[in-house]
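Here's the structure we're looking at; comments come further down.
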C-alpha cells in the first residue's frame, strides 16, 4: 500500500527562486527510505514541502490512511512552559487519541529512554539528546501513518540510538512508512530499504543500494556511491 506520494515539479521560498525541482517518489507501507545529500542539497526543502510549510509549490503531496504523520526535527521544538509529561498530554489532546493504553505506553517509553527523573521537568533544562528523546517519544505515541525524520541520531547516546532503531523497526512492522534524512551513511546503509540521493535541488539517484550501485560504483558502500555522484556533479 502506498503511504506517501510526492509529485513535485518545483518548490521554493519565493516565485523566482525554485529551490527544488522534478522531485518524484513514493513510500510504501512498512518501508524505510533514506533521504541523502550534502548540506544545501534541498533535503530540508523537500521535508518542508511534504509538511505543507512552503507556499510556493507546483505539485502534489498525498498521504494515505488517516493522514496522520509525525515529524521528528533535527533541532527539537518544544514549549518552554510545558514539562515533558505535559508535552505528552498535549500530544494526546491535539491528536484526539483515545487509546486506553496511551499513558502506559508513555511511561514505558520514558523508562526506555531513561527520562523518569525529569518527567515533570521543563525541556529547556535538558541536554540536546534528552530533548531529542522527547521528540521521539511524542512522535511514537501518536502512532502515525508516516514518519518524517530529520537527522535523528545527532545528540543521541549509543543506547538511545539502538532503542530508537528497535522502535522504528516495530513501527515498520505495524505498517508505518518512514522518510529519514541523515548524514550517517553507514547506519542508513544497514537499515534503509531504498535511498533518495539529492543534490542541487534534484534527485540524482534513487532505488535500493544495488540499484544505486548499478549507476555508480558496483559493490561499493553507500558512502562511496555518494562520493561518486558528488564528484561527477562537479564536472
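Read the figures in this text as sums done on the coordinates, not as results from a lab. Keep in mind that what you see is a predicted model, and the values were worked out from it rather than measured. We place every Cβ from the backbone using ideal geometry, glycine too, and count neighbours over all the protein chains shown.
Quick notes on this structure:
- Set against the 2.2 N^0.38 Å expectation for a compact globular protein, the stretch 80-143 has a Cα radius of gyration ratio of 1.02.
- The stretch 196-212-the stretch 131-164 distance, computed between alpha-carbon centres (Å): 24
- In degrees, nearest ten, helix 128-141 long axis to first principal axis of the chain (Cα): 90
- The stretch between residue 220 and residue 89, if pulled fully straight at 0.36 nm per residue, gains 42.5 nm over its current Cα-Cα span.
- Highest average packing first - 188-194, 122-128, 175-181, Cβ atoms within 10 Å: 175-181, 188-194, 122-128
- Under 19 Å from the residue 231 label point (7 Å along Cα→beta-carbon), backbone N, the stretch 153-188: 185-186
- Computed from Cα atoms, the angle from the helix 222-234 axis to the main principal axis of the chain rounds to 50 degrees.
- Residue among 131, 26, 104 with the largest mean-square fluctuation in a Gaussian network model of the chain, springs linking Cα atoms under 10 Å: 104
- Helix 84-94 and the long axis of the chain differ in direction by around 70°, with both axes built from C-alpha atoms.
- Peptides 195-207, 45-57 ordered by packing proxy, namely the average of other Cβ atoms within 10 Å per residue, highest first: 195-207, 45-57.
- Per principal axis, descending, Cα span of the stretch 124-235 in whole Å: 47, 32, 26
- Residues within the reach of a label modelled at residue 114 (point 7 angstrom out along Cα to beta-carbon, backbone nitrogen below 18 Å), restricted to the stretch 145-180, are 153-167.
- Take every Cα pair under 8 Å whose residues are at least 6 apart in sequence, average their separation, divide by the length of the chain, and the relative contact order is 29 percent.
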